[in-house]
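K.L.:
One structure is given below, represented as structure tokens, and several questions about it will come after.
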Amino acid sequence: MNVHFIAIGGAAMHNLALALHDKGYRVTGSDDTIFEPSKSRLAKKGLLPERFGWHPEKITSTLDAIVLGMHAKADNPELLKAQELGIKIYSYPEFLYEQSKYKTRVVIAGSHGKTTITSMILHVMHYHERDVDYMVGAQLEGFDVMVKLTEDNDFIVLEGDEYLSSPIDPRPKIHWYKPNIALLSGIAWDHINVFPTFDNYVEQFRIFVDSIVSGGSINYNAEDAEVVRVVENSSNTIRKIGYRTPEYRVEDGRTFLLTPEGDLPVEIFGKHNLNNLAGAKWICQHMGIDEDDFYEAIATFKGASKRLEKIAESPTSVAFKDFAHSPSKVQATTQAVKEQFKERTLLACLELHTYSSLNAEFLKEYKGTLDAADIAVVFYSPHAVEIKKLEKVTEAQIAAAFGRNDLIIYTDPDAFKRYLFDQDFRNKTLLLMSSGNYGGLDFDALKKLIL
């Protein structure tokens, strides 16, 4: 099968391209720019385009399919040529469904926790040498790629994103997958540029629950009121199984899970992560892993990439970097780190970087999210607001939104860096939360300072 990728360089797209190449497909692609690590990984397999840019001459009737990435635009010249020739055009999730429609599809959805839960499931399967197909949104320890597709595996585990499918398909990705086994971890308004109201956002998860194959099942976070409403109000003929945060204790900076076989030390920490663990346990049991085997495997799980990632630790201090940016994630992560290191001063830094977080109306959703921190810092770039063509956000608006009179706010990356590098990190925990890089923060230099 000959497949061409329009916008092959994206994190998700290049991993799908690699997976199809490994499956024996003939893969080509184009993009106007490709960054690392996609560039090197595509080059290693001979899939890196010879020239950047869009080249309609690559689109011929010899192609069996086009996979269209979100980075492309609706007027992309390669896309227009494919439409002219009548070549089948797939969005990323639609193509994944085509590859998995005869498998048992396990889909992990929710506003938060889906990458971690998917990673936990795959870690357990890998630990017990159970081979499954998968698609996950983070690089995992022990896994070479983020997408694996085979002809033979019975199960495929899919991280279900609610964002749009492609530039010409505005449906959320999760609407494509039609799961046999599903999980819904939480609902907290996000992507306001696409879902302008909370009700509109929630509706996407209602559709997802109704799309589960008749006779299938959903495990859901019974501690999230919105999730409970969505699942319990669905008339779909599926099994509905709620899960809750398991009992645990924290001692000397270590978290212990209270299990029937005794206290189990785990590498992850925080109520939200242990809630994720409870959901992952249910899914693994559906996939044939019993409880004891799950606990044995999960004890060695160190977390998904960029999720509460420990970047430095000394006898009296520790620093974490986390992808958290939405209000619910910021609050859960900040509370988790404070609970784990109660006796230390927590310095929590949040970069407002996404479209939603830089929206003046959406800012009020952050109220109280940094309350667990002893010192709270917010950094944002007015230039980023301009690039996203949003209304100007003022420091006064940010201070009012978070509801902390002592909130420290920086708009200049150099001033923020000076603040950080002037800190005495003894008996202190540093938490850096962002989907950006704080205007070019030197993390290696920061590690040396803490160490």
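The values are calculated or read from the model by the stated rules, or taken from the named source; none is laboratory data. This one's a predicted model, so the numbers in the text were calculated from it and none came from an experiment. Note that we place each Cβ from the backbone using ideal geometry, even for glycine, and neighbour counts take in every protein chain shown.
K.L.:
Go through (1) more than 19 Å from residue 134 (Cβ to Cβ); (2) touching an Asp or Glu at 6+ places or on another chain (Cβ under 9 Å); (3) of a type in the set (S, T, N, Q); (4) surrounded by 19 or more Cβ atoms within 10 Å (Cβ to Cβ) one by one and return the number of the condition residue 76 breaks.
P.N.:
(2)
K.L.:
Does residue 43 satisfy being in contact (Cβ under 8 Å) with a residue 40 or more places away in the chain and not hydroxyl-bearing (Ser, Thr, Tyr)?
P.N.:
It is false that residue 43 is in contact (Cβ under 8 Å) with a residue 40 or more places away in the chain and not hydroxyl-bearing (Ser, Thr, Tyr).
K.L.:
Would you check which residues across region 75-114 are in contact with a strand residue (DSSP E or B) (Cβ under 6 Å, 6 or more places away or on another chain) and hydroxyl-bearing (Ser, Thr, Tyr) and list them?
P.N.:
90, 91, 100, 104
K.L.:
Further question: Any idea which of 86, 69, 110 is buried (at least 21 other Cβ atoms within 10 Å of the Cβ), out of contact with any helix residue (DSSP H, G or I) (no Cβ under 7 Å at 6 or more places or on another chain) and either modelled with pLDDT under 95 or not hydrophobic (A, V, I, L, M, F, W, C) (or both)?
P.N.:
110
K.L.:
Still on this structure: Take residue 200 and tell me if it is outside the structural domain of residue 366 (by TED's automatic domain parsing) and touching a residue at least 40 places away in the same chain (Cβ under 8 Å).
P.N.:
For residue 200, the condition - outside the structural domain of residue 366 (by TED's automatic domain parsing) and touching a residue at least 40 places away in the same chain (Cβ under 8 Å) - is not met.
K.L.:
Within region 286-293, can one find any residue that is in a loop (DSSP other than H, G, I, E, B) and assigned by TED's automatic domain parsing to the domain that holds residue 348?
P.N.:
no
K.L.:
Something else: Tell me which residues, restricted to region 428-440, are assigned to a loop (DSSP other than H, G, I, E, B) and either modelled with pLDDT of 95 or more or not assigned by TED's automatic domain parsing to the domain that holds residue 349 (or both). Even if it seems obvious, please write down each step before you answer.
P.N.:
Keep residues of region 428-440 that are assigned to a loop (DSSP other than H, G, I, E, B), which gives 434-440.
Scanning region 428-440 gives no hits.
K.L.:
Every residue in region 33-45 that is surrounded by fewer than 18 Cβ atoms within 10 Å (Cβ to Cβ) and either part of a loop (DSSP other than H, G, I, E, B) or of a type in the set (Phe, Trp, Tyr) (or both), please.
P.N.:
Listed by number, the residues that qualify are 33, 35, 36, 37, 45.
K.L.:
If you don't mind, another one. Output the number of residues of region 317-331 satisfying the condition of being within 18 Å of residue 430 (Cβ to Cβ), among the hydroxyl-bearing types (Ser, Thr, Tyr) and at pLDDT below 90.
P.N.:
Counting residues in region 317-331 that are within 18 Å of residue 430 (Cβ to Cβ), among the hydroxyl-bearing types (Ser, Thr, Tyr) and at pLDDT below 90 gives 0.
K.L.:
Cβ-Cβ below 6 Å, separation at least six or inter-chain, first residue in region 345-372 and surrounded by fewer than 19 Cβ atoms within 10 Å (Cβ to Cβ), second assigned to a strand (DSSP E or B): which pairs?
P.N.:
345/428
K.L.:
Continuing with the same structure: Quick check on region 116-146: of everything there that is hydrophobic (A, V, I, L, M, F, W, C), modelled with pLDDT of 95 or more and surrounded by fewer than 23 Cβ atoms within 10 Å (Cβ to Cβ), which residue is farthest from residue 23 (Cα to Cα)?
P.N.:
125
K.L.:
Same structure again: Condition test on residue 382, is it touching a residue at least 60 places away in the same chain (Cβ under 8 Å) and either assigned by TED's automatic domain parsing to the domain that holds residue 446 or over 24 Å from the mean Cα position of the chain (by Cα) (or both)?
P.N.:
On the way: touching a residue at least 60 places away in the same chain (Cβ under 8 Å): no; either assigned by TED's automatic domain parsing to the domain that holds residue 446 or over 24 Å from the mean Cα position of the chain (by Cα) (or both): yes.
No.
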